[in-house]
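Inspection log for the structure reproduced underneath, given as structure tokens.
The values are calculated or read from the model by the stated rules, or taken from the named source; none is laboratory data. None of the values given here were measured: they were computed from a predicted structure. Because the Cβ atoms are built from the backbone with ideal geometry, glycine has one as well, and the counts that use them run over all protein chains shown.
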Amino acid sequence: MTETEAIRRALLRADPKLSRFDPLERIIFADDFDEGLNGWAPLYADYDGFDDTPGWRDASGRIGEVKPVAIARRENPARFEDRSQIMLTSLSTWDAGSIGSSNGTYALKVASPPKPGTRGYALKRVSCPWWGKLRFEAYFTFKADHPDYRLGHEDVHSLIFGYDLQDFEEAENPTRWRPFFRYLNAAPDGTLVQRWQGQFDTGGDAMRGSGWTDIEGGYHELPYNRSPTKYQWLYIRYTVDLAKHEYVDFFCHGKELNVKRKTHSFPEGQWQRHLEKCSGLLNVDIGIHTNSDKRCFLFLDSIVLSAEGSER
Amino acid sequence: MSRLRHVQTAFVQDQFQVRTSFETEPYEAGWASEAIAFVYVRAAPAAPVPAPDANTGFAVRPALWVRAQISADGRRWIDDERLPGISQAGNYRLRLTHFGNWLRLVGETEGLSGDEHFVIDTYWVFKE
């Protein structure tokens with residue numbers, strides 16, 4: 001270890017807020033939701049004619065103009081139903097009052113609508129001058145709403161953690177890829193599955209539930225607690241290599257899974273046209289899907305995104 | 001060091017069609033000391049030709065009644081401020097303070113028939 005690296009590590013470990021993270025050399029953001037939303041946004045449409053308004057785009061796939069929102073909605077109203085908001089929660093419950101977050105008062109709450117098969121997402125779109133490894137770390141917990149005062153463990157379908165990544169347009173053969181992880185908590189019929197999966201296939205749509213492959217050794221009983229209002233904060237970390245388009249590592253709550261050198265790519269022509277106007281986009285996506293008519297909640301106390309590699 | 005106050009806008013309902021009633025997603029806004037509900041009524045049923053109500057003698061126009069509700073536990077709700085009855089398209093606002101943490105909007109219609117409905121967009125705008 002170089003002297004510079006030793007000093008950097010000592011400084012990180014002495015910092016009460018960063019000591020519990022293991023960031024790479026450059027911290028792109030260190031978001032503590034006691035300080036606000038920090039640039040996280042809900043999932044909403046592009047209105048550009050792909051998945052949200054089929055048939056709008058001409059065969060060339062080039063962006064001519066973004067469709068006026070009102071027209072897009074009129075043509076495909078189902079695409080815009082089931083909205084849910086992201087919000088800052090103090091984890092306030094009927095039996096304990098406000099609990100607060102792991103490290104402060106507020107956490108980011110990502111909620112699914114109260115309808116089976118729906119989803120809630122938070123996304124943050126950044127870019128980065130260091131084009132090598134990219135690491136996501138967070139402290140999170142999850143619950144189903146409990147209007148019936150039941151535990152609701154089986155109501156949570158899945159937790160989603162991923163990146164939607166686009167090369168710099170000037171790169172050789174620039175493309176888009178989506179390294180994603182899913183914790184499949186329970187099947188739609190309520191059977192607990194509790195398994196980590198990844199997007200290693202081509203052509204899947206992580207945020208709509210297709211293209212998932214079990215990760216070897218990925219069975220994992222993430223703590224949910226025996227009470228619907230008791231929260232246990234969990235750590236997650238995963239890393240990908242932006243230059244090589246490869247997964248590097250994955251760790252969550254004591255379990256390291258081997259994803260090294262696994263890749264993700266889309267079939268030629270599919271999705272890649274999205275590169276246009278999004279050169280070098282690093283889109284960080286986290287979400288929760290529900291099995292039932294109860295809202296399911298993913299809570300984030302804090303998130304650190306870091307990178308290392310050469311500048312580009 | 002001085003710091004600017006937090007402000008946050010939430011887009012809650014998007015071209016939502018109200019036929020009988022609605023309740024918005026419970027929103028936690030404990031960090032904010034003031035909130036405004038913006039209710040943009042994009043479309044309202046056409047007013048019928050006035051026909052006197054048998055009991056009151058007044059004509060019943062289609063109306064949308066919107067009010068805010070607050071809650072300590074996110075499940076038992078108490079009425080707070082309300083808007084006057086809305087019977088035509090237009091932009092309306094409800095200003096709130098001292099609402100605690102949990103907030104939602106509820107709405108009910110009256111005097112609608114058949115497929116008649118209101119179309120609304122609602123936003124919360126919160127400030128620290």
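Of note:
- Within region B:100-116, being in a loop (DSSP other than H, G, I, E, B) and either surrounded by fewer than 21 Cβ atoms within 10 Å (Cβ to Cβ) or among the β-branched types (V, I, T) (or both) holds for B:G100, B:G111, B:L112, B:S113, B:G114, B:D115, B:E116.
- Some residue of region A:252-265 being modelled with pLDDT under 95 and within 20 Å of A:F142 (Cα to Cα): no
- Qualifying strands (runs of 3 or more DSSP E) (wholly inside region A:217-312; at least 1 residues being under 27 Å from A:K115 (Cβ atoms)): A:234-241, A:282-290, A:296-308
- Count - residues of region B:1-10 that are charged (D, E, K, R) and more than 24 Å from A:W40 (Cβ to Cβ): 0
- Test: B:T109 is more than 30 Å from A:S92 (Cβ to Cβ) and either aromatic (F, W, Y) or modelled with pLDDT of 95 or more (or both): yes
- Within region B:11-48, being within 23 Å of A:P42 (Cα to Cα), aliphatic (A, V, I, L, M) and more than 14 Å from chain A (Cβ to nearest Cβ) holds for B:I36, B:V39.
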